[in-house]
Ligand code: NAD
């Protein structure tokens, strides 16, 4: 008998599967050991989950609750996430490679706060809006209100599995929808755990379901299912394009959070210590596997060498290793395929003439053994048209691009298919604000990076996405607006339309 814990899909309020299911190994990227086995969902599982979601939606068991009742369940969920923080953080770290120092603090806080803040925002959202007679000449009362979109599908990636699932589950539930989530195959366990916690928080069975499995089968069945009304996807731009195409056949509502190649512009007056820290944080958090990582670093040409040298001094002091050790600064790359992608990009960069200033190698031997570790890497004297400056690498690779004047830097910063994040380091507040207005990105950070808050919108310009997550923007994306118009005139002869087509004759 296997000593590895097995996880089943969560459908209709139960962890379900039976003996005949196939399992996928979930491994720890620090040593390639199998840590869990997760049931591989099938298209039939998707159909059962969608059916359960649809039934609960139509029954009104959740969609018919008042916003206060729904908000209370979301608040309970926030509390349960905090109460289970050690378990959730451990599961998140061991499967995704995120350091325990981060998952047990920031990730838990953001996940719980997403439920909590969504509940608060829901309570403040106008229930109904009204308009009286004008422009009509007869007495009319119009009002409009928000209703659930219906059955939602959430598809999530492997880099921040818990937070990114919460960003879909909380607003979907807040607005009375039912939802089926498909997490990435390598990191599904925290999403499965959240399903149980939400049930404990008071969510009726069937409102939130989780089906694990491959994107091509399970994901596509969800995206094309006739009873799914909305798809919320976080992942690569390539898969996002396909999902948008597939969902368009039945005009499903779609929100997409996709890739990025975010520019950070260091201004000439920037404090060097601050510029070094922001530049490092921008591309090293989660070993660079963050969609809005700052991976194009625009630096005044005469400051490039000094900035790169000082970044390397700090990199040399970082502890790279086991993500479950509180002393670790940078954990492993999340999976073998991603490690290969990074290695290939580094080779391409060198072939195209980028100057490798530091790093560029996989870490092997000793404690690194069978893990997927990669050194923080800095290329200097890059050009904005090089592959490493155009394409998302999703690893700890910084691409330093020298510039001669700020207008040139802004033009290069915006010359990309992406528009997720952008940033500026500089002392002059007015100058940094003016530049922020010129950068085409969904979030612009000034003298900082990665500050995402559940009460502020997050999303991408251009091919980085469609729609926004978090705060009331997310609530709007998970609801339809219904206008109800009542003519208050009582009799047939009073109707405004009679003379229009001769009904008063
Ligand atoms: P991915 O696009 O390969 O997969 C994401 C999810 O989609 C997974 O659950 C996968 O199984 C599923 N999927 C794959 N093919 C599918 C298909 N044909 N139909 C339906 N579902 C399918 O992305 P990934 O490698 O897991 O994650 C890394 C990517 O995610 C990066 O590009 C990163 O920028 C992006 N990302 C974006 C954000 C954001 O908020 N913008 C956040 C995190 C990650």
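Some values worked out for this structure:
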quantity	calculated
Residue 233 assigned by TED's automatic domain parsing to the domain that holds residue 150, touching a strand residue (DSSP E or B) at 6+ places or on another chain (Cβ under 9 Å) and either under 25 Å from residue 92 (Cα atoms) or in a strand (DSSP E or B) (or both)	yes
Top-ranked residue in segment 368-388 [being under 21 Å from residue 418 (Cα atoms) and within 16 Å of the ligand (Cβ to nearest atom); ranked as surrounded by the most Cβ atoms within 10 Å (Cβ to Cβ)]	388
Hey, residue 87 closer than 21 Å to residue 199 by Cβ, out of contact with any strand residue (DSSP E or B) (no Cβ under 8 Å at 6 or more places or on another chain) and not in a strand (DSSP E or B) or not	yes
Any hit, segment 445-462, residues being within 27 Å of residue 252 (Cβ to Cβ) and free of Cβ contacts under 8 Å to residues at least 24 places away in the same chain	yes
Residue check for residue 472: farther than 29 Å from residue 332 by Cβ and not assigned by TED's automatic domain parsing to the domain that holds residue 267	yes
Subset of segment 207-220 that is crowded, with 23+ Cβ neighbours inside 10 Å and not in a helix (DSSP H, G or I) - its residue that is farthest from the ligand (Cβ to nearest atom)	207
Pairs, first touching a residue at least 24 places away in the same chain (Cβ under 8 Å) and at negative phi in segment 212-228, second in a helix (DSSP H, G or I) and within 6 Å of the ligand (Cβ to nearest atom), C-beta under 9 Å, six or more apart	215/239; 219/239; 219/243; 220/242; 220/243; 223/242; 223/243
Some residue of segment 286-296 being more than 27 Å from residue 441 (Cα to Cα), in contact with a strand residue (DSSP E or B) (Cβ under 7 Å, 6 or more places away or on another chain), at pLDDT 95 or above and not assigned by TED's automatic domain parsing to the domain that holds residue 186	no
Helices (runs of 4 or more DSSP H) within segment 404-492 that include 2 or more residues within 16 Å of the ligand (Cβ to nearest atom)	471-477
Yes/no for residue 192 being more than 14 Å from the ligand (Cβ to nearest atom), in a helix (DSSP H, G or I) and either over 25 Å from residue 251 (Cα atoms) or at pLDDT below 95 (or both)	no
Count - residues of segment 221-241 that are crowded, with 18+ Cβ neighbours inside 10 Å, near the ligand (Cβ under 10 Å from one of its atoms) and within 27 Å of residue 393 (Cβ to Cβ)	8
Hey, residue 163 crowded, with 22+ Cβ neighbours inside 10 Å, at pLDDT 95 or above, part of a helix (DSSP H, G or I) and near the ligand (Cβ under 10 Å from one of its atoms) or not	yes
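One line per residue, one yes/no per condition, for (1) within 31 Å of the chain's Cα centre (by Cα); (2) modelled with pLDDT under 95; (3) buried (at least 22 other Cβ atoms within 10 Å of the Cβ):
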{"residue": "304", "(1), (2), (3)": "no, no, no"}
{"residue": "319", "(1), (2), (3)": "yes, no, no"}
{"residue": "324", "(1), (2), (3)": "yes, no, no"}
{"residue": "340", "(1), (2), (3)": "yes, no, no"}
{"residue": "349", "(1), (2), (3)": "yes, no, yes"}
{"residue": "355", "(1), (2), (3)": "no, no, no"}
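The values are calculated or read from the model by the stated rules, or taken from the named source; none is laboratory data. Treat the numbers as computed from the prediction; the structure is a model and nothing was measured. Here the Cβ is made from the backbone with ideal geometry for all residues, glycine too, and neighbour counts use every protein chain on show.
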